[in-house]
Amino acid sequence: LYCYFISIAELHLSHATEVSVNNTENKLCLYANLMVNFSVTYEVGVNKSETVLFVLPENVTTEGSICNNTTSTLKLGFGDGHSWAVEFTKDNKTYQVDSIVFTYNLNDSRVFTNSTSNETKSVTAKPRITNVGVDTYYSCKSENVQRVESVTQTLYDVTLQAFVTNGSKSDTDTVCTADLTSTTVAPTTTVTTTAAPTSTPTPTLPTPTTGNYSIAPDFNSTACLMATFGLRIGFKQGDKVETINLVPSATEVGGACGVNSSILILTSDTITIMFTFSNDSKKFHLHALNVTVKPATGVAVVAANTNMSIWVAAVGSSYMCNREQTLTVTETLTLYTFKLRVQPFGVEKGEFATAHECSLDDTSILIPVIVGVALAILILIVVIAYVIGRRKTYVGYQTL
């Protein structure tokens, strides 16, 4: 089991950055509508580092962007000295992305808290965005992860068009290979929690192994987020429902502890899942789920729900549900949790606080129900006995 710590700087789950760049004739020559997440590891002391997560914001500048006949540059500036630049080249019939240059300023204390360096660094990634037809836009809903040195860039929901002709974005797209071989599920706004699935997935898997997951600020600190549960994912492949269990011993753990938002990220060879918890100062709840499943056969499934309000408990306590829970993330993907206990805020001394139990575990609710059913049965028996006794008495009078 692997673990690392991540801090959060203005991390949002669902927004896009949309920009248009005009040429010297004031006609559109570059267009982009995309989402980019950044993960940067930086030094905060001797042999000590932290990793910060942040996103490409909605409000950016395009100063430094260039449109030429065979080369173009889309440069987006943001924050205190940060920029993200995409270099395009074109031949007769197609164009491509040659490189993505991400520049970040370690002197920006709002993002890189306690950084021991004030340098401005750059990394160059070589994404495989090629053979985009001229007069078409590049479209890719799937994640495109670029890892260079201490920086990870994750691009998704990407729309890009360079070398725009006639001053308007094309209506024709060139779809990335990943989208042609995967199923991407858009976020939904409904979540259901039940005691058991509405249908039995096949084949039946053994109960998932319970994993213990935690996030700590550094190796010398106690946990700031704790979770323990077994996890199964059910997903549709065509008309068939497939299931897969998360294996704790083969899972990498990441995440972040924030004041108002905490994140737990679990990654294995087949599953990547991000839990986002929100805190309103009095209670916390699970706010969002982002899930990617890569089965051994069939296509990958990507699902997200960013409008959830479950696993609710008071800040400073934990949430617990030992019974099997079913969480419908989207119409095509469902989570099943077993022996669940989570505490994303207010962990002290590396131990769970008093638990708020889910209704499925609360036997106090069952006691009055059982008593009520028993009384109803007893009353029914008395009534039946009375009716039978009356009938026998009546028959006796008739005989006399």
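Annotation note: GluC sites (Glu not before Pro) in segment 115-154 located in DSSP loop regions with a Cβ neighbour count of at most 14 within 10 Å are GLU119, GLU149. Once the convex hull of all Cα atoms in segment 202-286 is built, its volume per residue stands at 120 Å³.
For ALA223, the residues 5 or more places off, or on other chains, whose built amide H falls under 5 Å of its own are GLY350.
A simple rule links phi to the HN-Hα coupling: the Karplus curve 6.51 cos²θ - 1.76 cosθ + 1.60 with θ = phi - 60°, which for segment 64-76 gives x, 6, 9, 10, 10, 5, 10, 9, 9, 9, 9, 10, 10 Hz, with x for Gly and Pro. Using a cut-off of 10 Å between beta-carbons, work out the net charge of the residues near SER139 (Lys and Arg +1, Asp and Glu -1, SER139 not included). With Lys, Arg at +1 and Asp, Glu at -1, the net is -2. Cross-link partners of LYS169 among lysines, defined as those whose alpha carbon lies under 20 angstrom from its own and excluding same-chain residues fewer than eight positions apart: LYS27, LYS75, LYS90, LYS93, LYS141.
The trypsin sites (Lys or Arg not before Pro) of segment 65-174 meeting both criteria, a DSSP state outside H, G, I, E and B (loop) and at most 11 other C-beta atoms within 10 angstrom of the site's C-beta, are LYS93, ARG110.
Rg and Dmax of segment 15-119, both derived from C-alpha coordinates alone, stand at 16.3, 53 Å. Residues whose amide H lies under 5 Å from that of PHE345, counting only those 5 or more places away or on a different chain, are GLY316; hydrogens are built 1.01 Å from N in the peptide plane.
Computed from backbone phi, the HN-Hα couplings of segment 108-115 come to 7, 5, 5, 9, 9, 4, 6, 5 Hz, rounded to whole numbers (Karplus: 6.51 cos²θ - 1.76 cosθ + 1.60, θ = phi - 60°; Gly and Pro given as x). Note that segment 262-275 has calculated 3J(HN,Hα) couplings of 10, 10, 10, 10, 10, 10, 10, 5, 10, 10, 10, 9, 10, 9 Hz, one per residue in order, obtained from phi through the Karplus relation 6.51 cos²θ - 1.76 cosθ + 1.60 (θ = phi - 60°); glycine and proline are x. Listed by chain and number, the lysines whose alpha-carbon sits under 24 Å from that of LYS48, ignoring those within fewer than 8 places in the same chain, are LYS121, LYS349. Among residues other than THR337 with Cβ under 11 Å from its Cβ, the summed charge is +3 (Lys and Arg +1, Asp and Glu -1).
Solvent-accessible area of LEU380, all protein chains in place: 100 Å² (probe radius 1.4 Å, heavy atoms, ligands and nucleic acids excluded).
The values are calculated or read from the model by the stated rules, or taken from the named source; none is laboratory data. Since the model is a prediction, treat every value here as computed from it, not as a measurement. Neighbour counts are summed over all protein chains in view; Cβ atoms, including those assigned to glycine, are modelled from backbone coordinates with ideal geometry. Accessible surface areas use protein heavy atoms only, side chains included; no ligands, DNA or RNA. Shrake-Rupley method; radii C 1.70, N 1.55, O 1.52, S 1.80 Å.
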